[in-house]
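The values are calculated or read from the model by the stated rules, or taken from the named source; none is laboratory data. Since the model is a prediction, treat every value here as computed from it, not as a measurement. Here the Cβ positions follow ideal geometry from the backbone for every residue, glycine too, while neighbour counts run over all protein chains shown.
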Amino acid sequence: MTTGEILRALRAECPIPPRLPPPHVDRVQDWLLDLLPGLGLPLDDAALHRLSQGAFARYAARLYPAATEADLRVLAAMFTWFFLVDDACDGPDRLTPEQIRVLRNGTLALLHDGARLRQAGLTGPLRRLLVLAWREPRRRMPARWRQRFADAVARHLDGTWQEAVTKEAGRRPSVDEYVELRRSTSAAEVSYPLVEFVSGRPLPDPVYHHPLLRQIARTGNDLLSWYNDLASLKRDRVTAGGHNLVLAIEAELGVAEAEAAERAAEHWREAMRRFVALRAAVPSFGPALDEAVADHLDGIANAVRGTIDWTFESARYPVSTSPPTSGP
C-alpha cells in the first residue's frame, strides 16, 4: 500500500466519529486571512494563498466544533501561531537551537506576565499574533488553567529545541527515543486545555492529572502524531533529520519505506485499540465533575479524529490533493 492508501485505510478504520465544523468556520478563516498582513507578516499573494489552503481555522473547528465564532477566532489565531513557529523551526532556513531557546523563554514570559512587558526573543509579528490569541484566555481563565497551558507550551517548545539539537548534531533517534520526543514536539498537549477554554469548565488539577486521564491523553497524542508522520513523510524525509516514526523504523530495522509505513500503521492500530479500552475504563468522578471530564475526553478524541479529517482538507499534505473519498 502507498502512504496515501494507508492514511485512507486508517481513516476508514477510526472508531471515533467525525465532528463537522460549525457554519461560521469560513467567516473565521476569512477574518484570519484579513488579520495576518496587518500584523506585519511578510505575506505576498502566494504566501496568503498557502495560509488559506492550510485551512487552520478549519483544523481548530474540527477540534472544537462547539466553539462560538468569537472563540473560534481565538483558537484559529492560536493554531496559526503554532504552525508559523513549527515552520520557522523546521524549514530550510530554520531557527538554530539557541534561537528556539530564546523564543521559548520569550513566549513563556508573555504567557505569565501578559503583554505589558516586552519579551526578548518574541518580537514582531509572532509576538503580536500571540498577544491577540492569548488576550481572551488570559482574561477568562483562572490562574491554575493559565499555568497548565503555559506548562504545556513549555514542554512543546522544549521538545522543539531538543529536536533541533539532535538535527544539528546529525544524530537520528531510535524508535523509542523518537516516540517519547514526539509527545513533546506535537502540540497535542497544548490543544487539550483549550477544550476547557471553550467549555468554560476547567478541571481541578488532581482530575486533569489523574493517571488514567493522562494515559488517555498520551495515547491520543501518539495517534494524531503518528498519523501526521505518515502524512508528512515526503517532506520530513528532506527536513526532519529522521524525526518521523516511519523514518525511525526504517533506520532502526533496516527496512524499506513501504514496510516501515506498514509497521507505523500497525503501531497506530495498536494505540487505537488501547485508546478505546482506556476510555471505556474511566470511572465516575462525581456528578459535579463528570460532564467536564466527558468534555475533556471528547476533546482528546476530537483532536485525533479532527487531525485525520483535516489532513484531507489541508494543502500542507499531498493526500489532500488526491481524489476525494466518501465521508465528512
- Item | Tally, over region 8-47, of residues that are under 27 Å from residue 216 (Cβ atoms), outside any loop (DSSP other than H, G, I, E, B) and either basic (Lys, Arg) or touching a Phe, Trp or Tyr at 6+ places or on another chain (Cβ under 7 Å) (or both) | 3
- Task: Taking only region 198-236 into account, find how many residues are in a helix (DSSP H, G or I) and either within 29 Å of residue 315 (Cα to Cα) or touching a Pro at 6+ places or on another chain (Cβ under 7 Å) (or both).
- Result: 20
- Query: Do we find a residue being within 17 Å of the chain's Cα centre (by Cα) and either under 21 Å from residue 19 (Cα atoms) or touching a residue at least 60 places away in the same chain (Cβ under 8 Å) (or both) anywhere in region 246-266?
  - Reply: no
- Restrict the check to region 227-250 and report whether at least one residue is under 30 Å from residue 66 (Cβ atoms) and of a type in the set (Lys, Arg). no
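Is it the case that residue 104 is surrounded by fewer than 19 Cβ atoms within 10 Å (Cβ to Cβ), out of contact with any Pro (no Cβ under 7 Å at 6 or more places or on another chain), at pLDDT 95 or above and under 18 Å from residue 190 (Cα atoms)?
The answer is no for residue 104.
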- Counting just the residues of region 237-251 that are assigned to a helix (DSSP H, G or I) and not charged (D, E, K, R), which one comes out surrounded by the fewest Cβ atoms within 10 Å (Cβ to Cβ)? 238
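Give me a count of the residues in region 281-301 that are over 21 Å from the mean Cα position of the chain (by Cα), crowded, with 16+ Cβ neighbours inside 10 Å and part of a helix (DSSP H, G or I).
1
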- The lone condition residue 118 fails out of (1) farther than 28 Å from residue 243 by Cβ; (2) at pLDDT below 95; (3) in a helix (DSSP H, G or I) is (3)
